[in-house]
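Working notes, structure below.
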Amino acid sequence: MPKLAIIVGSEKDIPKIDDCIKTLKEFEIDFELKILSAHRTPDETAEFVKNAKSRGIELFICGAGLSAHLPGVVASYTTAPVIGIPFEVKLHGIDSLLSIVNMPAGVPVATVGIDAAKNAAILAAEILSLKYPELSKKIEQKRQEAREKIITKNKELHI
């Protein structure tokens, strides 16, 4: 079974990743959830990331706002894929987005849209499907469900 880690910088960020958690459970992807800060708990963050592989962690999803350094710091300690979720805190989340997406060459962080926790989970499933082909079928099923929902809504329109 695939396993990943979700890391957020503070307790108040946990509600922002509800859709991520729900989606990972739907895909039956196991995960660890941690509150770690790039700035307030740098040693603990480094230790967690460096030891993650021994616990079967294959990918990281990191949500961050404001200076949003957490995904980049995590990426600096691992060669596993890191997906960043920029949170809207100030400046409509643009500051967070730019902090996450503008990584130096050699230390990439895949970045989803502002507050796009569900897309982070889906992207994680797509990446993990390269190793776990059963995830591809689940992803296809979810896309078909979304398609059918739109088709049904269009049939219900009375305009």
Got a number for residues in region 78-107 being part of a loop (DSSP other than H, G, I, E, B), open to solvent by 40 Å² or more (accessible area, probe 1.4 Å) and more than 18 Å from residue 58 (Cα to Cα)?
8
Can you tell me which residue is nearest to residue 82 (Cα to Cα) among those in region 6-18 that are buried (at least 17 other Cβ atoms within 10 Å of the Cβ) and out of contact with any Phe, Trp or Tyr (no Cβ under 6 Å at 6 or more places or on another chain)?
7
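State whether the residues of region 33-51 include one that is in contact (Cβ under 8 Å) with a residue 60 or more places away in the chain, under 16 Å from residue 81 (Cβ atoms) and among the hydrophobic types (A, V, I, L, M, F, W, C). Spell out the reasoning first.
First, the residues of region 33-51 that are in contact (Cβ under 8 Å) with a residue 60 or more places away in the chain: none.
Scanning region 33-51 turns up no residue that is in contact (Cβ under 8 Å) with a residue 60 or more places away in the chain, under 16 Å from residue 81 (Cβ atoms) and among the hydrophobic types (A, V, I, L, M, F, W, C).
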Which pairs have Cβ atoms under 8 Å, sit 6 or more apart or on different chains, and link a residue in region 120-137 that is without any contact (Cβ under 8 Å) to a residue 40 or more places away in the chain to one that is assigned to a helix (DSSP H, G or I)?
126/135; 126/139; 129/135; 129/136; 129/139
Among the residues of region 39-61 satisfying the criterion of being outside any helix (DSSP H, G or I) and open to solvent by less than 20 Å² (accessible area, probe 1.4 Å), which is nearest to residue 111 (Cα to Cα)?
61
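Here is a check on your reading of the model: is residue 104 under 21 Å from residue 5 (Cβ atoms) and touching a helix residue (DSSP H, G or I) at 6+ places or on another chain (Cβ under 9 Å)?
Values: under 21 Å from residue 5 (Cβ atoms): no; touching a helix residue (DSSP H, G or I) at 6+ places or on another chain (Cβ under 9 Å): yes.
Judged against the criteria, residue 104 is not a match.
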Candidates 75, 125, 110, 64, filtered to the one that is of a type in the set (Gly, Ala, Ser), in contact with a strand residue (DSSP E or B) (Cβ under 9 Å, 6 or more places away or on another chain), closer than 22 Å to residue 28 by Cβ and open to solvent by less than 80 Å² (accessible area, probe 1.4 Å)
110
Across region 1-30, what is the total count of residues that are in contact with a Gly (Cβ under 8 Å, 6 or more places away or on another chain), among the β-branched types (Val, Ile, Thr) and part of a helix (DSSP H, G or I)?
1
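The values are calculated or read from the model by the stated rules, or taken from the named source; none is laboratory data. Keep in mind that this is a model prediction, so the values were computed, not measured. Cβ coordinates were reconstructed from backbone atoms using ideal geometry, including for glycine residues, and neighbour counts include every protein chain displayed. In case anyone asks, the SASA skips ligands and DNA or RNA and just uses the protein heavy atoms, side chains included. Shrake-Rupley method; radii C 1.70, N 1.55, O 1.52, S 1.80 Å.
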